[in-house]
Amino acid sequence: MTRLFALLCFLHLPIFLFSQMPEPQLPLPTPAQLAWHDTEFYLFFHFGPNTFTNLEWGHGTEPEDVFNPTDLDCDQWCRIARQAGARGVIITAKHHDGFCLWPSKYSTHTVRESKWRDGKGDVLRELSDACRRHGLKFGVYLSPWDRNHPEYGTPEYNDVYVNTLTELLTNYGELFEIWWDGANGEGPNGKKQEYDFHRFERVAAQLQPDAVIFSDIGPGCRWAGNERGLILTETNWATLDTAGFQRGLGAPPEDTLNQGNVNGQLWLPAECDVSIRPGWFYHPEEDDKVKTPGQLWDIYLKSVGRGANLILNVPPDRRGRIHERDSASLVAFGQKLRDAFRHNLAEGRPCRLGNGRHWFDAGLTDVNQNTFAEFEIVPGESFLEIDLKKKRKINTLLLREKISTHGQRVEAFKVEVFEKGGWREVAHSTTIGVRKILVFPEVKTSKVRIAILAAKAPPVINDVRIYRIKS
Ligand code: FUL
């Protein structure tokens, strides 16, 4: 070997180790998608007539008066979201039953027709205001499928959908995400709606250009293919091909949604959705089935830790408050999250890039993510090595690729620790992308090294962190 040369090594400037591999044109995230990646973990609120009728899919014929929270407190929702470590919230502005949680001009099945707050209430107003007070991002779920609206099943429904979307996108401040559910339970003899999704996308792009649209096939982010909140394997490409696919029944296969396409042409990262309870809406009989902090932690590692975003549903109860059981679990989970990532043992430690003979300071362990290292892969010979200076107990590694400028490249890597005079492998994985958190059995070591084993293009890493997370 070796063709490794250092070109630049200034503070906050990239280090290049020359590579023979061509620089490909890979899909890159938009600025809105980058901001979305940073949002990482947020809460989902399913709230509406189903909360009071004990249903999951309302029929659309429920009298408006069934919606009657006795003690709605969106500040409580937001306080708990913050304590859980969430950075935003998304609410079912309208679920499949068509009931609007705001007084829409384009429906007669809304909070305005209910007795709640004498017909003067607006859940979206209260929640969006509370989000601003608590420093949380705000997003909306607006079900395309509508079991109530008389126009559903006709071309005019597209106008209704555009009008209601416009209300949401203009009256409640900045939105970070718009959620399009692909579900439809009409069945073979039910109403058939040709949705004008291109028009909906244009309206959203015009009114809220920074909002990312979620659906089975984006255009901002994709469904992860299951409702358990999991990236099922170590592999998660933020890229996907959507040509020929549709939302709902025509969606890509679930394993493709889960893993993405290695050579996908679009940047369409995965969002993992899951409920803290068995159902999406509140049901009193599920009060003892709330996921534990440990279960939430496991889901977090298999979603956020595998480069996806996590949307965790926490259904408010009939009072309009988050139930004590859910909040206890969320607050303990949030504490676990803060404790886990409080002490980055690699911070400020020397991090070098090389092959044992030639080494270059990679500067990746500062907290400044402008520093990055691009290197040639020579399997078994090029490493990123972090010197912890003294023996430390460790069990977790966090890595990031510099997706903003170089896209996603790494296909396989391994982690080794220095032990008894030699290197021992402690973890082996596939993709990295925006973020990979790897937990391995605790070891005591003074040095850690990472070898990239395969990549689509010269790997560009811009963050390495090491932790000891207590169980
Ligand atoms: C599904 C819906 O049918 C459920 O009711 C829920 O809203 C979930 C998040 O998406 O497709």
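The values are calculated or read from the model by the stated rules, or taken from the named source; none is laboratory data. Since the model is a prediction, treat every value here as computed from it, not as a measurement. All Cβ positions, even for glycine, are placed from backbone atoms using ideal geometry, and neighbour counts span all protein chains on display. Ligands, DNA and RNA are excluded from the accessible area calculation, which covers all protein heavy atoms including side chains. Shrake-Rupley method; radii C 1.70, N 1.55, O 1.52, S 1.80 Å.
For this structure, a couple of remarks:
- Residue that is farthest from residue 136 (Cα to Cα) [pool: residues in segment 69-81 that are open to solvent by 70 Å² or more (accessible area, probe 1.4 Å) and touching a residue at least 60 places away in the same chain (Cβ under 8 Å)]: 70
- Looking only at segment 195-222, and only at residues there that are open to solvent by 40 Å² or more (accessible area, probe 1.4 Å) and outside any loop (DSSP other than H, G, I, E, B), the one that is farthest from the ligand (Cβ to nearest atom): 206
- Residue that is nearest to the chain's Cα centre (by Cα), among those in segment 100-129 that are farther than 11 Å from residue 69 by Cβ and in contact (Cβ under 8 Å) with a residue 60 or more places away in the chain: 127
- Residue tally, condition within 26 Å of residue 215 (Cα to Cα), open to solvent by less than 30 Å² (accessible area, probe 1.4 Å) and more than 16 Å from the ligand (Cβ to nearest atom), over segment 265-296: 4
- Pair list, Cβ < 6 Å and 6+ apart or interchain, from segment 44-60 residues that are farther than 18 Å from residue 90 by Cβ and within 13 Å of the ligand (Cβ to nearest atom) to residues that are of a type outside the set (S, T, N, Q) and assigned to a helix (DSSP H, G or I): 49/66; 58/49
- Qualifying residues in segment 106-117 (those that are in contact with a helix residue (DSSP H, G or I) (Cβ under 7 Å, 6 or more places away or on another chain) and open to solvent by 50 Å² or more (accessible area, probe 1.4 Å)) - the one farthest from the ligand (Cβ to nearest atom): 115
- Qualifying residue in segment 163-182 (condition: at pLDDT below 95 and either β-branched (Val, Ile, Thr) or surrounded by fewer than 19 Cβ atoms within 10 Å (Cβ to Cβ) (or both)): yes
- Scope segment 240-259; condition of a type in the set (Gly, Ala, Ser) and within 22 Å of residue 44 (Cβ to Cβ); matching residues: 248, 251
- Matching residues in segment 172-194 - criterion: being more than 10 Å from the ligand (Cβ to nearest atom) and either outside any loop (DSSP other than H, G, I, E, B) or acidic (Asp, Glu) (or both): 174, 177, 178, 186, 194
- The single condition among (1) away from the ligand (no atom under 16 Å from the Cβ); (2) farther than 25 Å from residue 390 by Cα; (3) among the small types (Gly, Ala, Ser) that residue 303 does not satisfy is (1).
- Residue match in segment 232-239 (condition: at positive phi and open to solvent by less than 10 Å² (accessible area, probe 1.4 Å)): no
- Test set (1) in the same structural domain as residue 213 (by TED's automatic domain parsing); (2) open to solvent by 10 Å² or more (accessible area, probe 1.4 Å); (3) away from the ligand (no atom under 16 Å from the Cβ); (4) over 16 Å from the mean Cα position of the chain (by Cα) - residue 87 fails condition number: (4)
- Residue match in segment 188-195 (condition: within 21 Å of the chain's Cα centre (by Cα) and without any contact (Cβ under 8 Å) to a residue 40 or more places away in the chain): no
- On the stretch given as segment 105-146, residues that are outside any loop (DSSP other than H, G, I, E, B), farther than 18 Å from residue 43 by Cβ and not charged (D, E, K, R) total 4.
- Check on residue 147, more than 16 Å from the ligand (Cβ to nearest atom) and among the basic types (Lys, Arg): no
- Looking across 94, 120, one residue alone is among the charged types (D, E, K, R) and either within 16 Å of the ligand (Cβ to nearest atom) or out of contact with any Lys or Arg (no Cβ under 9 Å at 6 or more places or on another chain) (or both). It is 94.
- Considering the conditions (1) within 30 Å of residue 332 (Cα to Cα); (2) away from the ligand (no atom under 13 Å from the Cβ); (3) assigned to a helix (DSSP H, G or I); (4) not small (Gly, Ala, Ser), residue 69 is excluded by exactly one of them, (3).
- Selection within segment 317-334 - in contact (Cβ under 8 Å) with a residue 12 or more places away in the chain and open to solvent by 70 Å² or more (accessible area, probe 1.4 Å): 318, 319, 325
- Breaking point among (1) within 16 Å of the ligand (Cβ to nearest atom); (2) part of a loop (DSSP other than H, G, I, E, B), for residue 102: (1)
- Residue match in segment 110-119 (condition: touching a Ser or Thr at 6+ places or on another chain (Cβ under 7 Å) and farther than 16 Å from residue 146 by Cβ): no
- Boolean, residue 353 is in the same structural domain as residue 45 (by TED's automatic domain parsing) and either open to solvent by less than 50 Å² (accessible area, probe 1.4 Å) or under 22 Å from residue 90 (Cβ atoms) (or both): no
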